[in-house]
Amino acid sequence: VILFSDLDGTLLDHHTYTAAPALPCISQLQQTHIPIVLNTSKTRAEIQLIQQQLNLDGPFIVENGAAVYIPKSSFPEQPADTQSLGLFWIKEFAAYKQHILNRLTQLASAFEGQYRGFSSLSSQQVSAITGLSLQQAQLAKQRQYGEPLQWLGDDKSRTEFIEQVRSQGIKVQYGGRFIHLSDHCDKGQALEWLAQQYQKTNPQKIIRTIALGDGGNDIAMLEAADVAVIVRSPAHDYPALTRRDGIYRTQQLGPEGWAEAIQALLLHSTANAPRLHI
Ligand code: 2M8
Ligand code: MG
Ligand code: MG
């Protein structure tokens, strides 16, 4: 089993960004050698800090499926279609953000004052909007692939804006607080690719995947996994999936919900009848 997890609102509390309630569960998973792959809209810089804090050192997925980072030490050989960069092999699914920023400039006058993009916000402003510390906000601003926007206008102009952005070939996904613009990548495609790489290196095992997420930008990942865990959010409804089975919806919020699901599905599932067979 490989676990793919979103961060904000899923493994991390929506407001305080703590993972504390899930830490005992993470140690138990580590003892059983179940890989935990962070699959998030956060940047490489943010994820590397969080991996250190959580004592994780395996592959991770950045900026809504834009790229998969595989530490060379964690995989026996270089996966096909990856680039070598320092200690990592990197599989990219998205172009760099500059073309999105160029297109946005063309739309800017029509929607003037209705949104604020990350690239034009200072770290102080990102910190004020999100509740991240100034240092965390600096890491969140180090974006390679996408541009998150804070929408300030009304719903009607938001719908018009999104239509126009989409007609320019830009992908639009919803995070907990921001509208994320990117090239055509999503967390599901990145999950599938990385699961295949694990499968290739372990041909004797059947690799199964569990994905945990709370928001719109997690839908593709939740659809792609063998088992989907939808973590309850204090900020919005459960995202709507088209799949009907293999879904666990948590009662508890954020990291408490994360631990609730992992306990039910993996750690306690051998004692009595498992809720879902993995
Ligand atoms: C942004 O991502 C979250 C994900 O749900 C959002 O859209 O609300 C990103 O900018 C990320 O890099 C940052 O850490 C996070 C902080 O809330 O916001
Ligand atoms: Mg989230
Ligand atoms: Mg996220």
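Quick notes on this one:
- Qualifying positions in the stretch 64-103 - under 12 Å from S182 (Cβ atoms), open to solvent by less than 20 Å² (accessible area, probe 1.4 Å) and in contact with a strand residue (DSSP E or B) (Cβ under 7 Å, 6 or more places away or on another chain): N64, A66, A67, A94, I100
- Considering residues of the stretch 207-233 that are away from ligand 3 (no atom under 13 Å from the Cβ) and in a loop (DSSP other than H, G, I, E, B) only, the residue nearest to A128 (Cα to Cα): A225
- Scanning the stretch 109-128 finds one or more residues that are more than 16 Å from ligand 2 (Cβ to nearest atom), acidic (D, E) and more than 30 Å from I70 (Cα to Cα).
- Residue match in the stretch 42-51 (condition: away from ligand 2 (no atom under 16 Å from the Cβ) and within 24 Å of V227 (Cα to Cα)): yes
- When the stretch 137-186 is filtered for residues that are away from ligand 3 (no atom under 15 Å from the Cβ), open to solvent by less than 10 Å² (accessible area, probe 1.4 Å) and among the small types (G, A, S), only A137 remains.
- Among the candidates I247, I230, residue that is within 16 Å of ligand 2 (Cβ to nearest atom) and not assigned by TED's automatic domain parsing to the domain that holds N102: I230
- Among the residues listed as L11, L104, the single one being in the same structural domain as G176 (by TED's automatic domain parsing) and either at pLDDT below 95 or under 29 Å from N202 (Cα atoms) (or both): L104
- Selected residue [farther than 30 Å from R158 by Cα, more than 16 Å from ligand 3 (Cβ to nearest atom) and touching a residue at least 24 places away in the same chain (Cβ under 8 Å)] from I36, I2: I2
- Residue in the stretch 76-86 that is of a type outside the set (K, R) and within 16 Å of ligand 2 (Cβ to nearest atom) present: no
- Residues in the stretch 8-46 that are surrounded by fewer than 24 Cβ atoms within 10 Å (Cβ to Cβ) and part of a loop (DSSP other than H, G, I, E, B): D13, H14, H15, T16, Y17, T18, A19, T32, H33, I34, P35, T43.
- Every residue from the stretch 61-80 that is assigned to a loop (DSSP other than H, G, I, E, B) and either more than 22 Å from the chain's Cα centre (by Cα) or not assigned by TED's automatic domain parsing to the domain that holds W193 (or both): P76, E77, Q78, A80
The values are calculated or read from the model by the stated rules, or taken from the named source; none is laboratory data. No experiment lies behind these values; they were computed from the predicted model shown. All Cβ positions, even for glycine, are placed from backbone atoms using ideal geometry, and neighbour counts span all protein chains on display. Accessible surface is based on the protein model in full, side chains and every heavy atom, while ligands, DNA and RNA are left aside. Shrake-Rupley method; radii C 1.70, N 1.55, O 1.52, S 1.80 Å.
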